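Enquirer: The structure is given below, and queries will be raised subsequently.
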């Protein structure tokens, strides 16, 4: 993880909240959200006139990735990016996320493992709507009242998927650290298992996937331009980045558990908290094939060569 003043300030709170979530049977999600609100970090990418820090997404990327690195169980990244996309949403400091569907007074969030939400932003035929929610049951949130129109033209599904993928990139870094540390510590036949060439090869490939995910996160951030009126998304860049990050999840999870063996699934060890999140996040909003298909179709529809399209749209 990159060092920055903002990252050093908020990362200990992320880690503390995550530790409480995994260690307490009665986790106070509302209280933890209030702690995040009090830091002011939800307004990191809002302009200064809206009591924000005025950072663009590239500058705020280390903090967004840190939410995934620390396995933060709250919608920090989703809310911060939605506030940046539509500054008026920040008026009441609510916990927000992008919704996927609505049926019979219930709605699903794009990210399924959230213990706390106050409202969902939904794509509808008539435009975006904001729906207050409560009482999650297996990822289904109960709608409170009638959804109200939300004045935003941003692609909510792409934004929600990008928020998830930036956190997945951070989670991939943590899984890599755990795996390398375990390989250098666990001994077999008198020496660390990380000294064996077969494992070195697997971890080397795993490292490549994790580093490519970080570069993809940087590409996604560069495709999310902030202005005083909100965010604009470069669809090709963000979609390609989401595909790259999602494509890294399965091979990284497989290698991590192969290296760790049985200890990787024990309750006391933290690896499974990250790998379950990676597998769930890979399909949230569509797997890598959905986003690669969109970029590939855009390339086919253009008059440019693959090289020229890539240079113009993805670099």
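Enquirer: Report whether or not residue 55 is surrounded by fewer than 21 Cβ atoms within 10 Å (Cβ to Cβ), in a loop (DSSP other than H, G, I, E, B) and in the same structural domain as residue 112 (by TED's automatic domain parsing).
Expert: Values: surrounded by fewer than 21 Cβ atoms within 10 Å (Cβ to Cβ): yes; in a loop (DSSP other than H, G, I, E, B): yes; in the same structural domain as residue 112 (by TED's automatic domain parsing): yes.
Answer is yes for this residue.
Enquirer: Identify the residue in segment 84-110 that is in a loop (DSSP other than H, G, I, E, B) and touching a strand residue (DSSP E or B) at 6+ places or on another chain (Cβ under 6 Å) and, among all such residues, is surrounded by the fewest Cβ atoms within 10 Å (Cβ to Cβ). I'd like the intermediate steps shown before the answer.
Expert: Residues of segment 84-110 that are in a loop (DSSP other than H, G, I, E, B), as a first pass: 86, 93-95, 104-105, 110.
Still in the running and touching a strand residue (DSSP E or B) at 6+ places or on another chain (Cβ under 6 Å): 86, 94, 105, 110.
Values: 86: 21, 94: 19, 105: 11, 110: 25.
Among residues in segment 84-110 that are in a loop (DSSP other than H, G, I, E, B) and touching a strand residue (DSSP E or B) at 6+ places or on another chain (Cβ under 6 Å), the one surrounded by the fewest Cβ atoms within 10 Å (Cβ to Cβ) is 105.
Enquirer: What do you reckon, is residue 81 part of a loop (DSSP other than H, G, I, E, B) and either in contact with a strand residue (DSSP E or B) (Cβ under 7 Å, 6 or more places away or on another chain) or assigned by TED's automatic domain parsing to the domain that holds residue 17 (or both)? It would help to see each step written out before you state the result.
Expert: Values: part of a loop (DSSP other than H, G, I, E, B): no; either in contact with a strand residue (DSSP E or B) (Cβ under 7 Å, 6 or more places away or on another chain) or assigned by TED's automatic domain parsing to the domain that holds residue 17 (or both): yes.
It is false that residue 81 is part of a loop (DSSP other than H, G, I, E, B) and either in contact with a strand residue (DSSP E or B) (Cβ under 7 Å, 6 or more places away or on another chain) or assigned by TED's automatic domain parsing to the domain that holds residue 17 (or both).
Enquirer: Here's a follow-up. Which numbered condition in (1) surrounded by 13 or more Cβ atoms within 10 Å (Cβ to Cβ); (2) farther than 29 Å from residue 201 by Cα is the only one that residue 300 fails?
Expert: (1)
Enquirer: Going by what's in this entry, would residue 239 be described as surrounded by 22 or more Cβ atoms within 10 Å (Cβ to Cβ), assigned by TED's automatic domain parsing to the domain that holds residue 176 and in contact (Cβ under 8 Å) with a residue 24 or more places away in the chain? Even if it seems obvious, please write down each step before you answer.
Expert: On the way: surrounded by 22 or more Cβ atoms within 10 Å (Cβ to Cβ): yes; assigned by TED's automatic domain parsing to the domain that holds residue 176: yes; in contact (Cβ under 8 Å) with a residue 24 or more places away in the chain: yes.
Yes, satisfied.
Enquirer: Can I ask one more? In this structure, does residue 230 turn out to be in contact with a helix residue (DSSP H, G or I) (Cβ under 6 Å, 6 or more places away or on another chain), within 29 Å of residue 89 (Cα to Cα) and at pLDDT below 95?
Expert: Yes: the conditions hold for residue 230.
Enquirer: Now for a different question. Among the residues that make up segment 257-273, is at least one of them in contact with a helix residue (DSSP H, G or I) (Cβ under 7 Å, 6 or more places away or on another chain), surrounded by 23 or more Cβ atoms within 10 Å (Cβ to Cβ) and assigned by TED's automatic domain parsing to the domain that holds residue 175?
Expert: no
Enquirer: Take segment 137-175 and flag every residue that is farther than 28 Å from residue 294 by Cβ and either in contact (Cβ under 8 Å) with a residue 60 or more places away in the chain or surrounded by fewer than 19 Cβ atoms within 10 Å (Cβ to Cβ) (or both).
Expert: The answer is 137, 138, 142, 144, 145, 146, 148, 174.
Enquirer: If only one of 35, 78 is in contact with a helix residue (DSSP H, G or I) (Cβ under 9 Å, 6 or more places away or on another chain), closer than 19 Å to residue 143 by Cβ and either crowded, with 20+ Cβ neighbours inside 10 Å or at pLDDT 95 or above (or both), which one is it?
Expert: Working: 35 fails: closer than 19 Å to residue 143 by Cβ.
On inspection, the qualifying residue turns out to be 78.
Enquirer: Filter segment 118-129 down to the residues that are in a loop (DSSP other than H, G, I, E, B) and touching a helix residue (DSSP H, G or I) at 6+ places or on another chain (Cβ under 9 Å) and list them by number.
Expert: Residues of segment 118-129 in a loop (DSSP other than H, G, I, E, B): 118, 125-126.
118, the sole residue that qualifies.
Enquirer: Same structure, new question: Sort out which residues of segment 58-77 are under 18 Å from residue 210 (Cα atoms) and either part of a loop (DSSP other than H, G, I, E, B) or without any contact (Cβ under 8 Å) to a residue 24 or more places away in the chain (or both), and write them in order of number.
Expert: Residues satisfying the conditions are 70, 71.
Enquirer: Hey, another quick one. Given the conditions (1) under 30 Å from residue 50 (Cα atoms); (2) surrounded by fewer than 18 Cβ atoms within 10 Å (Cβ to Cβ), and given that residue 217 satisfies all but one, which numbered condition is not satisfied?
Expert: (2)
The values are calculated or read from the model by the stated rules, or taken from the named source; none is laboratory data. On a predicted model such as this, the values are computed, not experimentally measured, just so you know. Every residue, glycine as well, gets a Cβ built from its backbone with ideal geometry; the counts of neighbours run over all protein chains shown.
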